[in-house]
Amino acid sequence: MGYVIAHAGCCACGNVFSFNPNLVPSIRMTAGHPDPNGQREPVCEPCVKRANVQRAKNNIPPIEILPGAYEGADEYSIDWNDNRTLNSKEL
Ligand SMILES: [Zn+2]
């Protein structure tokens, strides 16, 4: 079995990080701005944790970080014909 590890810049902070494209939290963005019709862009773990602190202050449920979201994915779990940026759960 092989593994796939995706690398990209976080759409919130710009830092390059590694993630599982099936599990990483994402936000739809266009030209650097949130857009419900944009492409899914990955969010790094520190940004999700910072967002969850703010969400807690505002009584908003936290963003769930799925186990393995920032680890490699089984190569057979990736849909290589899917032309979307990510398959992950959107924020
Ligand atoms: Zn970030």
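Look at the dipole of the range 3-77 built from charges on Cβ: of 68, 34, 23, the Cα furthest out on the positive end belongs to 34.
Evaluate E = 1/(1 + (r/R0)^6) for residue 7 and residue 35, where r is the Cβ-Cβ distance and R0 equals 30 Å; express this FRET efficiency to the nearest 0.05. Could you put the intermediate results ahead of the total?
On the way: r = 23 Å, r/R0 = 0.77.
For R0 = 30 Å, the calculated efficiency reads 0.85.
Using only the alpha-carbon atoms, how far is helix 45-57 inclined from the longest principal axis of the chain? Give it as 0 to 90 degrees, nearest 10. Approximately 30 degrees, to the nearest 10.
Rounded to the nearest 500, what is the 222 nm mean residue ellipticity of the chain from helices alone, with -39500 (n - 2.57) per DSSP H run of 4+ residues and division by all residues? Show your work: numbers first, answer last.
Values: 1 runs with 13 residues, N = 91.
-4500 deg cm²/dmol, from helical runs alone.
Taking N as the number of residues in the range 3-77, what is its Cα Rg relative to 2.2 N^0.38 Å?
Numbers: Rg = 12.8 Å, N = 75, 2.2 N^0.38 = 11.3 Å.
For the range 3-77, the normalised Cα radius of gyration is 1.13.
Only Lys, Arg, Asp and Glu carry charge here, each on its Cβ (+1 for the first two, -1 for the last two); on that basis the chain has a dipole of about 500 debye about its Cα centre.
Here, each number is a calculation from the coordinates, and none is a lab measurement. Since we're looking at a predicted model, the values are computed, not measured. Cβ sites come from the backbone with ideal geometry, for glycine too, and all protein chains shown count toward neighbours.
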